[in-house]
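Below: the structure, in structure tokens.
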Amino acid sequence: MRNKIFRSICFVTMFVLIISMILITGSTYRYFSRGQIQHIKNQLELVSNGVALSGERYFRFFDVDDIRITWISEDGTVLYDNEKNAAEMENHLERPEIKEASELGYGESTRYSSTLLRKQIYCAKKMDDGSVVRISDSQSTFFALLIPLARPICLVILSIIILAFFVARNLSSKIVEPINEIDLDNPTKANGYEELKPLLSRLSVQQEQLKRDRAELEKTEQIRQEFTANVSHELKTPLHAISGYAELLKNGLVEEKDIQPFAGKIYDESNRLAQLVEDVIALSRLDSRVPALENEKTNLYRIAENAIESLEEFAAEKNVAILLDGDRAEITGIPHLLHSIIYNLCDNAIKYNHSGGTVKVRISEESDNIVLSVSDNGIGIPPEHIDRIFERFYRVDKSHSKEVGGTGLGLSIVKHAAALHNAAISVDSKPGEGTKIDIIFPNPDFT
Ligand code: ADP
């Protein structure tokens, strides 16, 4: 860029310089040429007056050698010439200035010498008797004038080239300096050019965006690593329990009466393991953000009916009643994820409930939202935990969660699946009173 500016300044300076020199020299030359012609005309006026008064006698006492005077008769015969012998001169009738003067009273012409270095200017005037008086003078041509000026002109051009070089170098550095000084880490910092401000503020916005993206990426990577570590840990616990019980049974170290409870523990732990694997798979599917199924129009109420049906046995086991009511809301979404949301919320509402408790599932269509609400009158969540329950493997009471068969992933799945449906989540809970979790979907009829 600097070189380009430098070259442009040099080029413009040289161009302006050459053009102005040509113009100045040309107009000076024209000015002097006109002056000379005027001088010849004045001389012509004087001489023609003299000839008109005295005729040939006028030339007898005539002694001028800086200009040439010729007197030509009406038929073109040269009567007098102060530089050549008139008798030897050819007929002048065809000379342009003579011809013009014969016809119009005054004639003028210029003839160049073969070298183009000098030119001859002729001015002629017709007398009353038809004869013509002509005065001529020679003048250097424009080129001839330039020859003696060549040295100073070259000197001037050279000094201007040197000057232009330094000015251009200085100027291009000054123009480029504020651009080079732009602090890319802080582009909006005061800069010399107003014109660059929109570009720099865009750059700043993009950089901020990039920083945010990078931070988000780092965070995602950290979460992924933590998740992998947690999954391994969570898988190890039931696996160790299973292999421990199985080893005791294999070695015949279990009394007859304990065999059934041991087998029951192995059964429970393997169920937990299966649940954990299922949840991990569901989460990693959600993480890849490529849901297996496309969005489709579906009925949230029917999905809720299905989810509750699959939990009926578990609810009965826990002596918890599940009630469903509300509108048959049509929603555009991914049915198996909507099922996961309702299933996990209801599963928690049963798990963290008292015997004889109730779970209420309500689907309501509001003006611009469809709200799925799952409430229970169970153990509730202490306020300091509410913000964290959607984190992976976060449990308020780890041992209680394990006891009731929790994996710590249920609400993470809910959070992810809700986000894929652009749904918001709100939690309202009081320890000892119960919990209400709302999933607020945008109503497709109003968006
Ligand atoms: P888990 O598999 O342990 O239930 P979740 O991610 O589903 O894991 O829930 C995280 C934690 O939030 C649970 O361990 C529990 O402590 C708390 N929690 C979730 N739902 C409820 C609820 N309805 N009532 C009380 N506590 C709940």
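Okay, here's what the table says:
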| item | result |
| --- | --- |
| FRET efficiency, Ser232 to Ser426 (Cβ-Cβ, R0 25 Å, nearest 0.05) | 0.15 |
| Counted charge near Ser201, where neighbours are those whose Cβ lies closer than 15 Å (Asp, Glu -1; Lys, Arg +1) | -2 |
| Note, ³J(HN,Hα) from phi for region 306-319, Karplus 6.51, -1.76, 1.60, rounded to Hz, x at Gly and Pro | 5, 4, 5, 4, 6, 9, 4, 4, 4, 5, 5, 4, 8, 6 |
| Accessible area of the chain divided out per residue, in Å², using a probe of 1.4 angstrom | 61 Å² |
| Long-range amide H partners of Ile322 with built H, under 5 Å | Val359 |
| 5 angstrom amide H check on Arg118, placed H, neighbours 5+ away | Ser113, Thr141 |
| Rg followed by Dmax, in Å, when region 41-186 is reduced to its Cα trace | 28.4, 99 |
| Heavy-atom accessible area ranking, 1.4 Å probe, most first, across Ile24, Ile425 | Ile24, Ile425 |
| Candidate residues Tyr58, Tyr122: accessible-area rank, largest first, probe 1.4 Å | Tyr58, Tyr122 |
| Accessible-area ranking of Thr358, Thr220, largest first, probe 1.4 Å | Thr220, Thr358 |
| Separation of the Glu317 and Met14 label points, Cα + 7 Å toward Cβ, nm | 9.3 nm |
| R0 of 56 Å, Cβ-Cβ distance Lys297-Ala144: FRET efficiency to nearest 0.05 | 0.05 |
| Nonlocal amide H pairs with Thr332, under 5 Å, H built at 1.01 Å | Thr298 |
| Phe262 - accessible surface, heavy atoms, 1.4 Å probe, Å² rounded to 10 | 40 Å² |
| Relative contact order, percent, region 279-364 [alpha-carbon distance under 8 Å, six or more residues apart] | 39 percent |
| Whole-number D in µm² s⁻¹ for region 376-447, Kirkwood Cα-pair radius fed into Stokes-Einstein, 25 °C, 0.890 mPa s | 185 µm²/s |
| Relative contact order for region 1-120, counting Cα pairs under 8 Å that sit 6 or more residues apart, in percent | 9 percent |
| Cα gyration tensor shape of the chain, rounded if a/c is under 1.5, else prolate or oblate by comparing a/b with b/c | prolate |
| The chain: relative contact order as a whole-number percent, Cα under 8 Å and 6+ apart | 9 percent |
| Global form of region 1-41, assessed from the alpha-carbon gyration tensor, a/c cut-off 1.5 | prolate |
| His336 - accessible surface, heavy atoms, 1.4 Å probe, Å² rounded to 10 | 80 Å² |
| Pairwise label distance in nanometres, Phe166 with His385, each label 7 Å out on the Cα-Cβ vector | 8.2 nm |
| ³J(HN,Hα) computed for each position of region 198-212 - Karplus, 6.51 cos²θ - 1.76 cosθ + 1.60, integer Hz, glycine/proline x | x, 5, 5, 5, 5, 4, 5, 4, 5, 5, 4, 4, 4, 4, 4 |
| Among beta bridges that DSSP assigns inside the chain, antiparallel share in %, nearest 5 | 90 percent |
| Derived scalar couplings ³J(HN,Hα) [region 55-65; Karplus, 6.51 cos²θ - 1.76 cosθ + 1.60; whole Hz; x for Gly, Pro] | x, 4, 4, 4, 7, 4, 9, 8, 9, 10, 10 |
| Cα-based shape type of region 103-241, given that a ≥ b ≥ c are square roots of the gyration tensor eigenvalues and the cut on a/c is 1.5 | prolate |
| Sulfur and carbon atoms: percent of accessible area, the chain [1.4 Å] | 55 percent |
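The values are calculated or read from the model by the stated rules, or taken from the named source; none is laboratory data. Since this is a predicted model, take the numbers as computed values, not measurements. Every residue, glycine among them, receives a Cβ derived from its backbone with ideal geometry; neighbour counts consider all protein chains shown. We work out accessible area using only protein heavy atoms, side chains counted, and drop any ligands, DNA or RNA first. Shrake-Rupley method; radii C 1.70, N 1.55, O 1.52, S 1.80 Å.
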